[in-house]
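The values are calculated or read from the model by the stated rules, or taken from the named source; none is laboratory data. Just so it is clear, the structure is predicted and the values come from calculations on it, not from any experiment. Quick reminder, even Gly has a Cβ in these numbers, built from the backbone with ideal geometry, and neighbours come from all protein chains shown.
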Amino acid sequence: MPVDRQSLDRAVDTLAPELEALARALHANPETRFVEHESAKRIVALLERAGVAELREGIGGLSTAFEARAGDGARPCVALLAEYDALPEIGHACGHNLIAAGAVGAFLALARHAPELSGTVRLIGTPAEEGGGGKIILLKQGVFEGVDAALMYHPLDRDVLAHPALASSWVRLRFQGRPSHAAAAPWEGASALTACLETFRLIDSQRVHLRDGVRVHGIVTDGGKASNIIPEHAAADFSVRASTGKELERVLAMVERCARGAALACDVGVELEVVPGYRELHNNLTLARVFGAAMGALGRPARETDPRVGAGSTDMGDVSLVVPAIHPYLAICDEGAAFCHQHAFAGAAASDRGLETMRLAAKALARTVVELFERPSLLADAKHEHAASVGA
Ligand SMILES: [Zn+2]
């Protein structure tokens, strides 16, 4: 039986006080990657109060991951993903509190229509998006098996349905020099810090050769211990990003050459550790347009993308390589007023405007799920597109 779309919207409106309280509580008690214990508990408690029977905590070996299910238990199966980790120091400056509340709202609205659903909807709580790759761990643990499409939304300063996200890796550099008295016998030493700083300069010198969209940015994590000692140890962390895995490899090799060149010039040793980050996001346009049609029906038509906006990275990229996926962005503030990972954006994530967008996202996600259940050709198209996009 087709699900009445307006009745889904009304279910979200009825749930709104609880969803808003959840979003505000997560925001007021930010927890960083892998230690989102209270946040996960708060979400699970809301699901329990709402009478969700199929609920599992600690899935995929992650104590702060969880899953809930509703529907007929059969395929197709659409997953709604909830993020709820915050950033160090600046709290919910990525608005993941609104992602969680929106996904929960969509799931509970659908759960209220469970007897009418011709498919299964899974709400998956995915911890540690900020640098922890929680979704990658869940993928490896088989949590996404049997999922036909994965949907989430993310706050931004504008509405864009299918914006790119970059492939990423972290590079950790450790320089090993020779200490000596910095005034009395500097010629006896070899400065690990100088090699570290020269690495930054050499990388900057290579930017002229980077393709559009490549990002290389780093911080010094160890710059020595005392100004009167030639630094024996220095260390830096870099994040390297590109729009394709191939370009990422090329830039990683460039970063390595810069570090080794700096170490050679400074007569110090260097160790490199490359930590794989996230894969590039394959936005499924078939699914994104279904979500876009739902946005339009709700009175907020959205652009497909906006070349003026920069791209970050997300572990949703890794999910998008395995199942057709969307990661649309919805505005929680005026265009240009604030951007992710800024203090003002953390403010927007607890604002009335942010909460209004969260409710809208819940409605659009719920509508998208029923659309996919009721029009099987859409999922077939999405899967064809996915295979072509990831080269399967
Ligand atoms: Zn984020």
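Please work out if SER39 is among the polar types (S, T, N, Q) and within 16 Å of the ligand (Cβ to nearest atom). It is true that SER39 is among the polar types (S, T, N, Q) and within 16 Å of the ligand (Cβ to nearest atom).
Have a look at LEU298, LEU285 and point out the one that is within 16 Å of ASP381 (Cα to Cα) and surrounded by fewer than 22 Cβ atoms within 10 Å (Cβ to Cβ). LEU285 is the lone residue from the list that is within 16 Å of ASP381 (Cα to Cα) and surrounded by fewer than 22 Cβ atoms within 10 Å (Cβ to Cβ). VAL255 passes every criterion in (1) touching a residue at least 60 places away in the same chain (Cβ under 8 Å); (2) within 30 Å of ALA288 (Cβ to Cβ); (3) surrounded by 21 or more Cβ atoms within 10 Å (Cβ to Cβ) apart from (2). In the set (1) under 20 Å from THR368 (Cβ atoms); (2) surrounded by 24 or more Cβ atoms within 10 Å (Cβ to Cβ); (3) away from the ligand (no atom under 16 Å from the Cβ), the condition left unmet by ALA65 is number (1). Note on the stretch 79-97: residues that are more than 13 Å from CYS340 (Cβ to Cβ), within 11 Å of the ligand (Cβ to nearest atom) and among the charged types (D, E, K, R) amount to 1.
A single entry from ALA234, ALA253 fulfils the requirement of being touching a helix residue (DSSP H, G or I) at 6+ places or on another chain (Cβ under 8 Å) and either of a type outside the set (A, V, I, L, M) or not in a loop (DSSP other than H, G, I, E, B) (or both): ALA234. Would you check if LEU26 is surrounded by 18 or more Cβ atoms within 10 Å (Cβ to Cβ) and part of a helix (DSSP H, G or I)? Considered against the rule, which asks whether it is surrounded by 18 or more Cβ atoms within 10 Å (Cβ to Cβ) and part of a helix (DSSP H, G or I), LEU26 comes out as yes. Of the listed requirements (1) surrounded by 22 or more Cβ atoms within 10 Å (Cβ to Cβ); (2) in contact with a Leu (Cβ under 8 Å, 6 or more places away or on another chain); (3) under 24 Å from ALA50 (Cβ atoms); (4) not hydrophobic (A, V, I, L, M, F, W, C), HIS113 misses just one: (1). Which of the residues that make up the stretch 170-189 are buried (at least 21 other Cβ atoms within 10 Å of the Cβ) and either aromatic (Phe, Trp, Tyr) or more than 27 Å from SER313 (Cβ to Cβ) (or both)? Once the filter is applied, which keeps residues that are buried (at least 21 other Cβ atoms within 10 Å of the Cβ) and either aromatic (Phe, Trp, Tyr) or more than 27 Å from SER313 (Cβ to Cβ) (or both), the stretch 170-189 yields PHE175, GLY177.
When THR64, THR14, THR32 are checked against the criterion of being free of Cβ contacts under 8 Å to residues at least 60 places away in the same chain, among the hydroxyl-bearing types (Ser, Thr, Tyr) and in the same structural domain as ALA150 (by TED's automatic domain parsing), a single residue qualifies: THR14. Pick from GLY177, GLY125, GLY95, GLY91: which is small (Gly, Ala, Ser), out of contact with any His (no Cβ under 9 Å at 6 or more places or on another chain) and at pLDDT 95 or above? The unique qualifying residue is GLY125.
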